[in-house]
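The values are calculated or read from the model by the stated rules, or taken from the named source; none is laboratory data. Predicted model, so just to flag it, every value in this text is computed and none were measured. With ideal geometry, Cβ positions are generated from the backbone for all residues, glycine too; neighbour counts draw on all protein chains shown. In case anyone asks, the SASA skips ligands and DNA or RNA and just uses the protein heavy atoms, side chains included. Shrake-Rupley method; radii C 1.70, N 1.55, O 1.52, S 1.80 Å.
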Amino acid sequence: MNKGYLYIIQSLKKSCYYLGSSKDAEKRLREHNNGRTPSTQSGRPWVLKFQQEFPSMLVAKRVENKLKKMKSRIILERIIKEGYIRCIDKMGV
């Protein structure tokens, strides 16, 4: 099974965050900064603020979807500060 990563990037232009999942967070950051993602083009440049490895892309995607539903900057900033996602066992891990 392929590992997956959940990542949080921050726009240096707008100071907003974007949350995503990928097999390679560094490569995905380059794609965001190269304008290959329409939803993040206007926020370029982006910096990687956080990434966490999960046992599979499926699990990383589940955690991503759960966090996106929360729509909370406060939660994202807490994750960045603490350096990990707490309570992931409730998200299918």
>> Quick check on my filter: what residues within segment 34-54 are among the hydroxyl-bearing types (Ser, Thr, Tyr) and part of a helix (DSSP H, G or I)?
In response: SER39, THR40, SER42
> Do the conditions hold for ILE85, that is, is it of a type outside the set (D, E, K, R) and part of a helix (DSSP H, G or I)?
Replying inline: no
> What are the pairs, 6+ residues apart or on separate chains, where a residue within segment 28-57 that is among the acidic types (Asp, Glu) has its Cβ under 9 Å from a residue that is open to solvent by 50 Å² or more (accessible area, probe 1.4 Å) and not in a strand (DSSP E or B)?
Replying inline: GLU53/LYS3
>> When you scan segment 24-43, do you find a residue that is open to solvent by 80 Å² or more (accessible area, probe 1.4 Å), basic (Lys, Arg) and in contact with a strand residue (DSSP E or B) (Cβ under 7 Å, 6 or more places away or on another chain), even just one?
In response: no
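Yes/no matrix, rows are residues, columns are (1) out of contact with any Ser or Thr (no Cβ under 7 Å at 6 or more places or on another chain); (2) of a type in the set (Gly, Ala, Ser):
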site: ILE8; (1), (2): yes, no
site: TYR18; (1), (2): no, no
site: THR37; (1), (2): yes, no
site: THR40; (1), (2): yes, no
site: GLY43; (1), (2): no, yes
> Can you tell me which residue in segment 1-23 is least open to solvent (accessible area, probe 1.4 Å), limited to those that are farther than 23 Å from ARG78 by Cα and out of contact with any Asp or Glu (no Cβ under 6 Å at 6 or more places or on another chain)?
Replying inline: ASN2
